[in-house]
Amino acid sequence: MTLINTLRPFLKYVSLVVLVGAVFSYAMFQGGFVSWFLFYSVTTVLLSTILVALFPFQVKKVERNVSKSSLQAGDDLTVTIIIHKNRFQPFFYVRIQDTVPQRIGSADSAALFFFSFQQKIELTYTVAAAKRGLHSFGPVILVFGDLFGLFERRMVLNQQTDLLVYPRIHRLHAIPASGRPRQQEGSSSRQAIEEDRSLAGVRQYVPGDRLTSIDWKQSARSASLMTKEFESFQGEGILVAFDPYRHAASSVQFEQTVEFTASLVAEFCKRYQSIELAVRSLEWTSISLSERTVSQGLRLLAQVSPLDKPLEPVHRLYSEWKGMHVYLVCVELNQSLVTACRTIQAQQAEVSLCMKGLGNSDRRLIDECKAMGVSVLLFEDE
């Protein structure tokens with residue numbers, strides 16, 4: 001098979017020489033206008049093929065446009081490749097192929113174009129049901145050929161495009177109010193949120209601020225809208241911690257858990273002024289979030305990957321969660337996670353274990369968590 005592939009280019013040339021010789025012999029022995037016309041036509045096409053193959057294809061610019069700059073998992077994405085060339089650029093055909101990340105989903109990202117005088121060649125394709133994650137589109141590959149298949153040239157155009165697909169946000173059932181030690185003193189009702197705040201200062205108005213927080217006197221003095229800033233304990237002490245450990249769970253269950261974590265974070269950011277998000281990778285990454293900065297948390301969750309190492313029973317970060325209400329979201333239960341819940345509880349923190357589903361093997365560990373005083377919350381989408 002290897003020998004045939006090696007000899008295949010030579011067989012093409014031999015076949016072409018035999019074809020030209022046959023047409024010439026036919027013209028010599030048959031004579032007449034038709035036979036000689038056939039000979040000159042074949043010769044002209046052959047010479048044109050050689051000249052076009054020797055002429056370099058020049059690309060002025062290559063563009064890759066995506067239909068959405070921000071999308072959620074499961075959305076369709078339309079990608080357009082635009083090749084800018086000279087109007088009188090000779091070629092017989094060109095095959096354009098885009099380098100699509102394997103993890104984003106399936107797509108037919110190649111097309112064949114024949115000789116055209118247009119200055120732009122466009123390839124449009126759709127990625128169906130894009131998957132969560134940070135994806136990088138690679139170079140655009142152009143393959144040129146001739147009518148006889150004698151010459152084939154390949155051109156690689158570097159054009160990298162990064163695209164972040166966020167986890168899908170679902171609407172959740174009612175989430176129990178947190179009873180954090182930090183929040184026992186102060187307002188116990190969302191209707192009394194204004195009562196547990198004290199004025200800390202004023203700042204420039206930002207679109208999205210409440211109209212009731214505008215300081216009209218300061219706005220009149222400065223000739224621009226100013227917003228009151230308050231010190232508040234409303235929502236302080238809430239932490240959502242995501243453990244991406246996966247041993248027996250499927251990839252579908254993992255993605256559902258990531259989407260649930262993102263939905264939980266988005267819901268808490270609507271309810272409270274600020275929360276904490278902690279995501280475990282090689283090390284824990286913690287960030288503070290509010291309703292205006294929730295996209296930072298979604299960006300972090302968009303890039304999370306499964307881990308094969310269980311949660312550490314003891315970690316220095318747990319001491320920073322002292323007095324907080326920790327919503328610990330996990331893909332599956334294990335003994336290390338239960339021990340970590342006991343360690344977190346030792347920091348005078350309230351722990352709620354959150355899961356999207358419950359397997360038969362988790363019943364014993366669930367009972368152990370409940371005996372420790374850890375509340376177990378199983379959520380389903382509405």
For Gln335, project a label point 7 Å along Cα to C-beta. Then give me every residue of segment 234-272 with its amide nitrogen under 18 Å of that point. 246-248
Approximate spin-label separation Thr161-His84, in nm, with each point projected 7 Å along Cα-to-Cβ: 1.6
For segment 49-173, what does the accessible surface come to per residue with a 1.4 Å probe? Please give it in Å². 53
Give me the distance in nm between label points sitting 7 Å out from Cα along the Cα-to-Cβ direction at Ser116 and Lys68, one decimal. 2.7
If R0 is 35 Å, what FRET efficiency do you get for Val59 and Arg299 from their C-beta distance, rounded to 0.05? 0.55
With 0.36 nm assigned to each residue of separation and the Cα-Cα distance removed, Leu211 to Glu283 gains 21.9 nm
Derived scalar couplings ³J(HN,Hα) [segment 19-36; Karplus, 6.51 cos²θ - 1.76 cosθ + 1.60; whole Hz; x for Gly, Pro]: 5, 4, x, 5, 5, 5, 4, 5, 5, 5, 7, 7, x, x, 5, 5, 5, 6
Pull out the extension gain between Arg103 and Ser219, defined as 0.36 nm times the separation in residues minus the alpha carbon to alpha carbon distance; nm, one decimal. 36.7 nm
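The values are calculated or read from the model by the stated rules, or taken from the named source; none is laboratory data. If you're wondering where the values come from, they're calculated on a predicted model, not measured in any experiment. Here the Cβ is made from the backbone with ideal geometry for all residues, glycine too, and neighbour counts use every protein chain on show. Side chains included, ligands, DNA and RNA excluded: accessible areas come from the protein's heavy atoms. Shrake-Rupley method; radii C 1.70, N 1.55, O 1.52, S 1.80 Å.
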